[in-house]
Structures are given as structure tokens and as C-alpha cells.
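Peer 1: Got a structure here, written out as C-alpha cells. Questions coming.
The values are calculated or read from the model by the stated rules, or taken from the named source; none is laboratory data. Just so you know, these numbers come straight off a predicted model, no measurement behind them. Here the Cβ positions follow ideal geometry from the backbone for every residue, glycine too, while neighbour counts run over all protein chains shown. In case anyone asks, the SASA skips ligands and DNA or RNA and just uses the protein heavy atoms, side chains included. Shrake-Rupley method; radii C 1.70, N 1.55, O 1.52, S 1.80 Å.
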Amino acid sequence: MDNKAPVIELKELTKQYGTLTAVNKLNLNIEKGEVFGLLGPNGAGKSTTILMMLGLTEPTSGYAGVCGYNATSSPIEVKKRVGYLPDNIGFYENRTGLENLMYMARLNNIPESEARDRVSHLLHKVGLENAAEKKVGAYSRGMKQRLGLADVLVKNPEIIILDEPTLGIDPSGVRDFLQLIRQLSKEQQLTVLLSSHHLHQIQQVCDRVGIFVNGSLIAKGDIPTLSKTLFESEPFMIEVEIKHPFSITGHPLEDVLLTMEEVSGIKEVNRKIHIACTEDITPVIAKTFVEAGLDILYLCKKEYGLDEIYQRYFEESHENQYHIA
Amino acid sequence: MKINTTLPSHYLAYVKSIPLLQKRTGKKRTTQKQSLHPFWAIVQKEVSDHIGSWRFIILLAMITLICFGSLYIAVNNLPEALANAKDPNRDFVFLKLLSASDGTLPPFHILLGFLGPLLGIGMGFDAVNSEQNSGTLVRLMAQPIHRDYFINAKFTGALMVIGTLFMALSFLITGLGILVTGQMPMPEEFLRIIGFIILCIIYVAFWLNLSILFSVKFKRAATSALTAIAVWLFFTIFYQILVGMAAKALVSPGLSRTGYRVQKLLVTLLDIAPNRLFTDATTTILVPSVRSLGPLSIQQMQGAIPSTLSLGDSLMVVWPQLTGLIAATVACFAFSYYLFMRKEIRS
């Protein structure tokens with residue numbers, strides 16, 4: 001934490017496959033000890049970016065620096081310090097979990113006795129100590145993923161990069177897995193880069209989030225900042241449903257609501273009225289409806305989570321009109 | 001002078017003061033034993049994978065079967081072959097064991113020319129693509145090792161297994177020969193057998209490299225296996241037929257200078273097929289009386305006494321075949337190396 005230099009530094013990173021631009025002029029800095037979430041739909045260029053950071057794919061232009069090394073020209077130095085969990089991780093299925101990890105330790109030139117201690121410690125940490133002698137072919141998906149995490153940690157990395165680590169694990173497994181990542185990052189001052197298209201999972205663990213669409217990072221920051229920049233004009237949304245038949249358009253109540261200072265807009269979506277407000281005036285609105293003699297079936301104050309942020313960015317990116325970040 | 005005498009002791013004290021070095025020098029023997037170079041770690045894993053796999057066990061069983069089948073026939077046929085006074089090779093008992101046959105089963109080296117490719121293909125056809133498909137390749141490449149370690153280790157590992165296999169088989173045959181005949185192999189025979197083993201290894205290495213090449217090129221293991229087998233069948237069956245057809249169409253029955261040239265070209269074409277290179281080379285090595293692999297004119301044959309060649313002369317005869325096989329092996333390996341280094345490794 002003492003040195004301020006970012007451990008991951010991407011400058012104008014670009015990757016083109018023929019005419020397709022997979023990653024477009026990406027700029028990103030990640031600090032030591034940070035848990036950064038790379039969020040984006042499938043095919044947004046997340047994996048390509050990660051592969052470029054590891055020097056496994058050559059960028060068309062730009063610079064990818066990891067721990068002060070250029071990932072393209074000195075990948076070995078980078079790979080000594082970075083643990084990478086690919087999205088569809090594979091193990092040698094006819095070997096035991098222990099053997100798989102020992103093999104990785106050997107490739108990292110860790111002396112045998114030290115490797116043995118470290119591997120058994122890691123297996124214990126990810127809760128696989130009882131399955132250590134079982135063949136990986138008999139492991140469940142969640143177990144493989146946990147073995148993958150242990151595998152990544154064998155080399156004692158400074159940074160771990162996890163590509164879609166929660167894919168195909170059941171919800172409780174996901175929660176445990178994310179907790180484990182969080183705990184590891186806090187305990188060992190690990191920098192974690194997590195890519196996913198699952199918003200809620202990212203929300204649970206990440207300090208900062210970058211939203212990645214069509215090869216560009218269109219927004220980055222922590223979640224409150226993201227929602228603030230995005231929904232500055234209308235941070236609150238109240239959703240009301242009135243007993244039918246009823247329509248707000250043309251109803252005298254519409255004018256009443258619109259004259260309120262805090263209300264910035266009214267929309268009717270699927271028989272529900274969406275009232276956008278600059279401040280939280282839910283009680284006032286409820287009261288107004290009741291006083292007008294209308295039967296409220298449903299009233300809800302919506303809060304903007306990552307879902308809405310994500311949705312909003314995708315809407316915008318589809319219309320090609322984003323100018324944020 | 002003063003500096004020269006004082007500096008080493010200073011330096012020594014300095015070295016001793018570094019705890020890390022102290023530990024290292026103190027534990028030198030144990031650490032050396034403990035840490036294996038990452039490249040050899042991959043080779044070690046490859047070798048143990050091969051030995052433990054069903055595929056290798058089946059191939060091994062097949063090779064052992066043809067080995068002992070041909071050995072049985074050779075042993076039965078041995079007294080007769082050795083008694084034949086007209087045969088200039090009758091002194092080479094152990095070479096006879098490897099090359100003699102009564103016609104029911106082809107001799108060992110011919111059978112090996114036919115089945116050796118299968119061994120090479122079997123060991124290499126899924127070397128790269130299976131690891132890529134199962135996702136272990138990406139995991140491996142994310143470790144601090146050079147990229148070519150992987151493909152080099154694949155080749156080295158398989159080659160070590162093949163080498164050990166052929167060494168063991170040939171020496172087993174020699175040992176059995178000692179038991180059966182009660183004779184000891186002559187030094188020349190021994191050297192010829194070593195030459196034969198080297199030829200076998202190079203020949204199987206060629207097919208191994210070819211199948212590794214296909215395993216880099218094709219994503220599916222089945223495709224690469226089929227392609228390699230297709231190449232093998234082409235050279236063992238169809239190549240001769242094709243050249244034969246071309247010969248019939250091109251060569252006119254009468255004797256002419258161009259006709260001779262075309263025929264010579266066709267013979268050369270036949271000779272450069274890898275299995276032909278192997279059979280020619282092994283025949284020359286195992287049958288010392290073979291003195292030429294091409295057609296000889298009457299003038300050349302005139303005055304020749306049917307006798308054996310020395311090992312050096314046999315090697316001279318076989319040199320083009322040997323270099324041809326090595327060249328084909330190296331070319332295949334270089335091409336697969338090139339392809340692998342440029343390959344997109346994600347699955």
C-alpha cells in the first residue's frame with residue numbers, strides 16, 4: 001500500500017482480430033490491494049484484455065504493464081507474479097487434486113518440500129483437504145473452481161486474475177467462493193481482478209467496477225459513484241400501480257404531481273406509473289394518491305443497484321451515444 | 001598484490017554473511033535433488049502420462065506381439081538359414097534373428113516399418129489439441145515457463161518412451177538370442193543392432209512429429225488422428241499404386257533415353273516415401289550383404305563376389321536414407337513449433 005504506483009497499468013491497449021476490434025484503446029489503473037470487477041456481457045473483450053495482461057496474446061497497439069513489467073516483452077516476469085484462473089479451467093482429470101497442484105508448483109520452480117507444505121495448506125484453506133487424494137475427474141464443478149483458486153495461489157502471487165470464476169456454481173457455492181476471495185485479498189494484500197457478467201456477485205466483493213462493452217471501458221469507479229454519475233438528474237424512482245381502469249395521462253392528478261418541485265417526470269410502463277424524483281418523497285406521493293381517492297395496489301421506491309447501472313449503460317451503448325468515462 | 005590476497009577473504013566473509021547463500025551452500029545436496037527444472041517437470045509428467053495410458057499399453061502389446069511373433073519364426077528358421085552355405089550373411093546370427101523369415105510373417109524390421117507409424121501417431125495425435133480443449137493448456141501457459149517448453153517437452157517425453165521401448169525390445173531379442181543359440185554377438189553385430197534401434201527411433205519420431213503437427217493444426221483430436229492415419233495409409237498403400245500407374249502411363253515399352261530417365265525419376269519418387277526410407281535403411285543395416293539400394297548395371301555387377309559389407313560401407317549406402325528421415329522429422333517438428341508459437345492458446 002505504501003507505493004502509489006499502480007500494479008496493473010493499461011495504456012491505450014488495443015487488440016484487433018482482422019477488422020473486429022476486440023479491445024479498443026483501454027486505459028485502466030489498478031492499485032495494490034484493490035478488488036476490481038470487470039463487468040461486461042459475453043464477448044465484450046474481457047478475456048482478451050486479461051490474456052494481454054499476461055502476455056499470452058499480443059496487443060495490436062498500446063501498453064500493458066503489470067507489477068512494473070511490460071507484459072508483452074517480459075511475460076515470464078509477469079507470470080511469476082500473477083495467478084490466473086481461466087474461465088473454463090481444466091485439470092488433468094486422471095490425477096488427484098494434490099498432484100495437479102504439485103505439478104503447478106514444480107513449474108514455478110518451488111522446491112519440493114516447500115511445495116508440499118504450501119499445497120496442503122492451500123487445499124485446507126479452500127476446503128478440499130478431504131478430496132486431495134481424489135482424482136479431479138470425480139470433483140464437482142464447485143470443487144474444481146476451488147481447486148482452481150488454490151492452483152492460482154500456489155505461486156504466492158501478488159495479483160490474481162479470475163475470469164468468470166463463479167460460472168456454473170450454485171448460489172451458496174458462489175457466496176462462499178466470493179467470501180474466500182474477499183478474505184484472501186484482505187489477509188494477504190492481494191490485488192484481485194475479477195471478470196464477470198454477474199452484477200450482484202461483483203457488487204458483493206469489488207471495491208471498484210469497470211463496465212466493459214464492445215471492447216471499451218465505458219465507466220469505472222465504485223458503485224455509489226457510478227450510480228451518481230448516471231442518475232444525477234433522477235436519483236429516485238417511485239413505482240405505483242393503481243386499480244384498473246386507470247390511466248395517469250390526462251388525469252388531473254398528473255398535473256398535481258408535475259407541479260411538485262421534486263418530481264421531474266412521469267411515465268407509464270406496463271400499467272405502472274413511474275415517477276422520477278430528485279428527492280425521496282415517497283410518503284407525499286402515497287398521500288396524494290390516497291387523497292385523490294385512488295386504490296393503490298402497489299407502491300415501491302426503486303433503488304439503483306448495479307442492475308440498473310448495467311442496464312442503463314447497455315441501453316446507451318446500443319444506441320451508440322455514450323460519452324461517459 | 002595486497003588487494004589480491006585480502007579480497008578473497010573479504011569476499012568469503014561477505015558471502016558467509018548472506019543468510020540465503022548460507023542456507024543454500026549448507027543444503028546444497030538436498031536442494032539440488034529437490035528442485036527440478038520446469039522443463040523436466042513437464043517431460044516427467046508426459047512420460048508418466050504415456051506409460052499409464054491405455055493407449056500406450058495397447059500399442060506396446062501390439063509391438064511386443066509382432067516382435068515375439070517374428071522372433072519365434074526367426075528362431076525356428078535359424079538353423080536352416082545358418083546352414084545355407086551360399087548365404088554370405090550366415091555368420092550374423094543376431095542380425096538373422098531380427099531380419100530372417102520363412103515367409104509366413106514378414107521379418108521384424110518390415111513389420112515395424114508398417115506398425116511403427118501407428119505407435120508414433122498414437123502417441124502424438126492429441127498432444128496439443130486435447131490439452132487445449134480441456135483447458136489445461138491455458139493454465140500451463142499462465143505459469144512462468146517459456147512457451148516452447150510445452151511442445152519441446154511433448155516431443156522429448158514421447159521420444160524418451162519410444163527410445164526406451166525400442167532399446168528394451170531389441171536387447172531383449174538379443175538376450176533371447178544368446179540363450180537360444182549359446183553364442184555371443186560380435187561387436188559389429190552389436191553396433192548394427194544399435195544402428196537399427198536409432199533408425200527405428202528416428203522413424204517413429206517422424207510419425208510422432210507429423211501427428212503433433214496435426215494436433216497443433218486441428219482442434220479436434222479425432223480429425224488430427226484421422227489425418228495422420230490417412231497420410232500413413234497413403235504412403236503404405238496408395239503411393240506405390242499411384243507411382244505404378246504413372247509409370248505405366250508414362251514409360252513406353254521400348255528402350256529409349258527419356259524412358260530410362262522417367263523410370264529413374266519414378267524409382268526415386270518411390271524411394272523417398274518415409275516407410276520406404278526406413279525399410280531400405282534397416283534392410284541395409286541388418287543384412288550386411290546388401291550393397292546397393294538402386295538398380296545396378298551389368299557392368300557394375302561384373303566381377304562382384306557375393307560377400308558382406310563392413311559396417312562403415314553399409315552406413316555409406318544408407319546415409320541418404322538416414323539423412324532423409326532426419327530431415328523429414330526435423331521439418332515436421334520445425335513446422336509444428338512455428339505453428340504452436342503463433343497459436344491462439346485460449347480454448
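Peer 1: When the residues of the stretch A:68-101 are narrowed to those that are more than 8 Å from chain B (Cβ to nearest Cβ) and hydrophobic (A, V, I, L, M, F, W, C), which ends up farthest from the chain's Cα centre (by Cα)?
Peer 2: My answer is A:Leu98.
Peer 1: Then there's this: Give the stretch A:154-171 a look and list any residue that's free of Cβ contacts under 8 Å to residues at least 40 places away in the same chain and over 18 Å from the mean Cα position of the chain (by Cα), or say none. Show your work before the answer.
Peer 2: Within the stretch A:154-171, the first condition is being free of Cβ contacts under 8 Å to residues at least 40 places away in the same chain, and the residues that meet it are A:156, A:166, A:168-171.
A:Asn156 - this is the single residue of the stretch A:154-171 that is free of Cβ contacts under 8 Å to residues at least 40 places away in the same chain and over 18 Å from the mean Cα position of the chain (by Cα).
Peer 1: Go through (1) facing another protein chain (nearest Cβ under 8 Å); (2) within 15 Å of A:Ile160 (Cα to Cα) and name the single condition A:Pro111 misses.
Peer 2: With (1) facing another protein chain (nearest Cβ under 8 Å); (2) within 15 Å of A:Ile160 (Cα to Cα) applied to A:Pro111, the lone miss is (2).
Peer 1: Anything in the stretch A:73-98 that is surrounded by fewer than 18 Cβ atoms within 10 Å (Cβ to Cβ) and either of a type in the set (Gly, Ala, Ser) or more than 30 Å from A:Gly142 (Cα to Cα) (or both)? List them, or say none.
Peer 2: Listed by number, the residues that qualify are A:Ser73, A:Ser74, A:Glu77.
Peer 1: Among the candidates B:Ala158, B:Ala153, which residue alone is of a type in the set (A, V, I, L, M), within 14 Å of chain A (Cβ to nearest Cβ), farther than 20 Å from A:Pro86 by Cβ and open to solvent by less than 20 Å² (accessible area, probe 1.4 Å)? So that I can check it myself, show each step before the final result.
Peer 2: On the way: B:Ala158 fails: within 14 Å of chain A (Cβ to nearest Cβ).
Exactly one of B:Ala158, B:Ala153 is of a type in the set (A, V, I, L, M), within 14 Å of chain A (Cβ to nearest Cβ), farther than 20 Å from A:Pro86 by Cβ and open to solvent by less than 20 Å² (accessible area, probe 1.4 Å), namely B:Ala153.
Peer 1: Also, quick follow-up: Given the conditions (1) of a type in the set (Ser, Thr, Tyr); (2) modelled with pLDDT of 90 or more; (3) assigned to a loop (DSSP other than H, G, I, E, B), report the number of the one that A:Thr72 does not fulfil.
Peer 2: (2)
Peer 1: Name, by its number, the condition in (1) under 30 Å from B:Thr156 (Cβ atoms); (2) crowded, with 18+ Cβ neighbours inside 10 Å that does not hold for B:Ile73.
Peer 2: The number of the failed condition is (1).
Peer 1: I'm checking my understanding of the structure. Among residues of the stretch B:49-70 that are away from every other protein chain (no Cβ under 14 Å) and out of contact with any helix residue (DSSP H, G or I) (no Cβ under 9 Å at 6 or more places or on another chain), which one is most open to solvent (accessible area, probe 1.4 Å)?
Peer 2: Once the filter is applied, the top-ranked residue is B:Leu65.
Peer 1: Report whether or not A:Glu239 is more than 13 Å from the chain's Cα centre (by Cα) and assigned to a loop (DSSP other than H, G, I, E, B). Can you show your working first?
Peer 2: Numbers: more than 13 Å from the chain's Cα centre (by Cα): yes; assigned to a loop (DSSP other than H, G, I, E, B): no.
Taking the combined requirement at face value, the residue does not satisfy it.
Peer 1: Taking B:Ala127 and the conditions (1) more than 25 Å from B:Ala168 (Cβ to Cβ); (2) in a loop (DSSP other than H, G, I, E, B), which numbered condition does it fall short on, given that it satisfies the others?
Peer 2: For B:Ala127, the exception is condition (1).
Peer 1: Going through B:Ala61, B:Ala127, B:Ala142 one at a time, which residue ends up being at pLDDT 85 or above and touching a strand residue (DSSP E or B) at 6+ places or on another chain (Cβ under 6 Å)? Steps first, please.
Peer 2: Working: B:Ala61 fails: touching a strand residue (DSSP E or B) at 6+ places or on another chain (Cβ under 6 Å); B:Ala127 fails: touching a strand residue (DSSP E or B) at 6+ places or on another chain (Cβ under 6 Å).
One residue alone meets the criteria, B:Ala142.
Peer 1: Can you confirm whether the stretch A:255-269 contains a residue that is open to solvent by 60 Å² or more (accessible area, probe 1.4 Å), modelled with pLDDT under 75 and either in a loop (DSSP other than H, G, I, E, B) or under 30 Å from A:Ala22 (Cβ atoms) (or both)?
Peer 2: No, every residue in the stretch A:255-269 fails to be open to solvent by 60 Å² or more (accessible area, probe 1.4 Å), modelled with pLDDT under 75 and either in a loop (DSSP other than H, G, I, E, B) or under 30 Å from A:Ala22 (Cβ atoms) (or both).
Peer 1: Sticking with this one: Considering only residues of the stretch B:318-336 that are buried (at least 20 other Cβ atoms within 10 Å of the Cβ) and farther than 12 Å from B:Leu199 by Cβ, which is nearest to the chain's Cα centre (by Cα)?
Peer 2: Among those residues, the one meeting the criterion is B:Ala328.
Peer 1: Ok, one more. How many of the residues in the stretch A:107-156 are charged (D, E, K, R) and more than 23 Å from B:Ala41 (Cβ to Cβ)?
Peer 2: Going through the stretch A:107-156, the residues charged (D, E, K, R) turn out to be A:112, A:114, A:116-118, A:125, A:129, A:133-135, A:141, A:144, A:146, A:151, A:155.
Still in the running and more than 23 Å from B:Ala41 (Cβ to Cβ): A:125, A:129, A:141, A:146.
Final tally of qualifying residues: 4.
Peer 1: Could you list all residues from the stretch B:94-126 that are open to solvent by 10 Å² or more (accessible area, probe 1.4 Å), over 20 Å from B:Thr64 (Cβ atoms) and under 24 Å from the mean Cα position of the chain (by Cα)?
Peer 2: B:Lys96, B:Phe125, B:Asp126
Peer 1: Could you go through the stretch A:180-198 and let me know if any residue there is in contact (Cβ under 8 Å) with a residue 12 or more places away in the chain, aliphatic (A, V, I, L, M) and over 24 Å from A:Thr48 (Cβ atoms). Before you say what the answer is, go through the steps one by one.
Peer 2: Step one: of the stretch A:180-198, the residues in contact (Cβ under 8 Å) with a residue 12 or more places away in the chain are A:180-182, A:184-185, A:189-198.
Narrowing further to those that are aliphatic (A, V, I, L, M): A:180-181, A:184, A:190, A:192-194.
Next, only the ones that are over 24 Å from A:Thr48 (Cβ atoms) stay: A:180, A:184.
Yes, some residue in the stretch A:180-198 is in contact (Cβ under 8 Å) with a residue 12 or more places away in the chain, aliphatic (A, V, I, L, M) and over 24 Å from A:Thr48 (Cβ atoms).
Peer 1: Further, regarding this structure: Hey, any hits in the stretch B:32-48 for a residue that's within 30 Å of A:Tyr92 (Cα to Cα), modelled with pLDDT under 55 and open to solvent by less than 100 Å² (accessible area, probe 1.4 Å)? Even if it seems obvious, please write down each step before you answer.
Peer 2: If we filter the stretch B:32-48 for residues that are within 30 Å of A:Tyr92 (Cα to Cα), which is where we start, we get B:32-48.
Adding the requirement that they be modelled with pLDDT under 55 leaves B:32-33.
Going one step further and asking which of them are open to solvent by less than 100 Å² (accessible area, probe 1.4 Å), we end up with none.
No, the stretch B:32-48 contains no residue that is within 30 Å of A:Tyr92 (Cα to Cα), modelled with pLDDT under 55 and open to solvent by less than 100 Å² (accessible area, probe 1.4 Å).
Peer 1: Condition (residue is at positive phi and loosely packed, with under 15 Cβ neighbours inside 10 Å) applied to the stretch B:172-182: is it met by at least one residue? Break it down into steps so the answer makes sense when it comes.
Peer 2: Just the residues of the stretch B:172-182 that are at positive phi, to begin with: B:182.
From what's left, loosely packed, with under 15 Cβ neighbours inside 10 Å: B:182.
Taking every residue of the stretch B:172-182 in turn, at least one turns out to be at positive phi and loosely packed, with under 15 Cβ neighbours inside 10 Å.
Peer 1: Among the candidates B:Gln143, B:Gln132, which residue alone is within 14 Å of chain A (Cβ to nearest Cβ), buried (at least 19 other Cβ atoms within 10 Å of the Cβ) and under 20 Å from B:Gly122 (Cβ atoms)?
Peer 2: Numbers: B:Gln143 fails: under 20 Å from B:Gly122 (Cβ atoms).
Among B:Gln143, B:Gln132, only B:Gln132 is within 14 Å of chain A (Cβ to nearest Cβ), buried (at least 19 other Cβ atoms within 10 Å of the Cβ) and under 20 Å from B:Gly122 (Cβ atoms).
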